[in-house]
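Remarks on the structure that follows.
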Amino acid sequence: MARMSGRGGAGCRIYLITPPVFEPAAFADRLAAALDAGDVAAVQLRIKDVDDEAWKRAIDALCPVTQSRNVAFILNDRADLVARFGCDGVHVGQEDMPAREARALIGPDRTLGVTCKGSRDLAMRAGEDGADYVAFGAFYPSTTKEVKNLLDPEILAWWSEMMELPSCAIGGITAENCEPLVRAGTDFLAVVGCVWNFPDGPAAGVKALNAAISTHA
């Protein structure tokens, strides 16, 4: 079982989220190319409005690709499927399952991430409820979610200074705009489009983002 490591490990790392729509078998090759191109801490499988069979097909195609490279394979929302299919953890939002319930379902040894938007109180509560990392965002306009209020990276700096629990920045992050987030001390950059839509392909996207992280660390 792969565990996400952040602060105290390799510094700021890529947290790669799957694109909104893809065909699992064909996408597995793109995922392998991305993971082979450079450091990635985790892959989150994020698919919406599909049945359990579609989840199973995607997990069967992508989980082995991810775990064989010692990268954590995280499900979005579906804590009930994590142990059943041998995944490494779950990420839940504030409108999804409560963190304590998710922790009870996945057990003590798997990774639990919680979306906290821009709330310090929600982040501290998530830590109390057993989260392994908290996610703040959005910091930039996103093509995958409607963003009403953009956050100041200062919240990442505050969290990094005050808390040991790792943080994850999310929302419209690219190699070109990640500098304030890296310098603020976030442990993970959650990204979608800047890898999967990169002009030269996902492998080049991972390389570009890792190069930017290294430059600004």
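The values are calculated or read from the model by the stated rules, or taken from the named source; none is laboratory data. Just so it is clear, the structure is predicted and the values come from calculations on it, not from any experiment. No Cβ is skipped: glycine too gets one built from the backbone with ideal geometry, and neighbour counts run over all protein chains shown.
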Exercise for review: Test each condition in (1) in contact with a Lys or Arg (Cβ under 9 Å, 6 or more places away or on another chain); (2) within 17 Å of L16 (Cα to Cα); (3) not hydroxyl-bearing (S, T, Y) for V134 and report the one that comes out false.
Suggested key: (1)
Check your understanding: In the set R183, R110, which member is surrounded by 18 or more Cβ atoms within 10 Å (Cβ to Cβ) and of a type in the set (D, E, K, R)?
Key -> R110
Check your understanding: Which of (1) modelled with pLDDT under 95; (2) in a helix (DSSP H, G or I) is the odd one out, the single condition A104 does not satisfy?
Key -> (1)
Practice item. Look at the stretch 83-138 and say how many of its residues are over 29 Å from E176 (Cα atoms), in contact (Cβ under 8 Å) with a residue 12 or more places away in the chain and small (G, A, S). Key: 10
Check your understanding: If we scan the stretch 152-166, do we find a residue that is of a type in the set (G, A, S), surrounded by 22 or more Cβ atoms within 10 Å (Cβ to Cβ) and at negative phi?
Key -> no
Review point. L75: farther than 20 Å from L156 by Cβ, crowded, with 23+ Cβ neighbours inside 10 Å and of a type outside the set (D, E), yes or no?
Key: yes
Practice item. Name every residue in the stretch 154-201 that is touching a residue at least 40 places away in the same chain (Cβ under 8 Å), of a type in the set (D, E) and closer than 15 Å to H216 by Cβ, in order of residue number. Key: D187
Study note, to complete from the structure: The number of residues in the stretch 137-165 that are closer than 20 Å to I17 by Cα and either over 19 Å from the mean Cα position of the chain (by Cα) or aromatic (F, W, Y) (or both) is 2
Review point. Can you tell me how many residues in the stretch 167-206 are farther than 25 Å from N76 by Cα and either among the basic types (K, R) or touching a Pro at 6+ places or on another chain (Cβ under 9 Å) (or both)?
Key: 3
Review point. What do you reckon, is N210 surrounded by 15 or more Cβ atoms within 10 Å (Cβ to Cβ) and not small (G, A, S)?
Key: yes
Study note, to complete from the structure: Exactly one of A54, A72, A61, A42 is of a type in the set (G, A, S), in contact with a Pro (Cβ under 8 Å, 6 or more places away or on another chain) and closer than 30 Å to A203 by Cα, and that residue is A61
Review point. Taking the condition out of contact with any Leu (no Cβ under 9 Å at 6 or more places or on another chain), surrounded by fewer than 21 Cβ atoms within 10 Å (Cβ to Cβ) and free of Cβ contacts under 8 Å to residues at least 60 places away in the same chain, does P141 pass?
Key: no
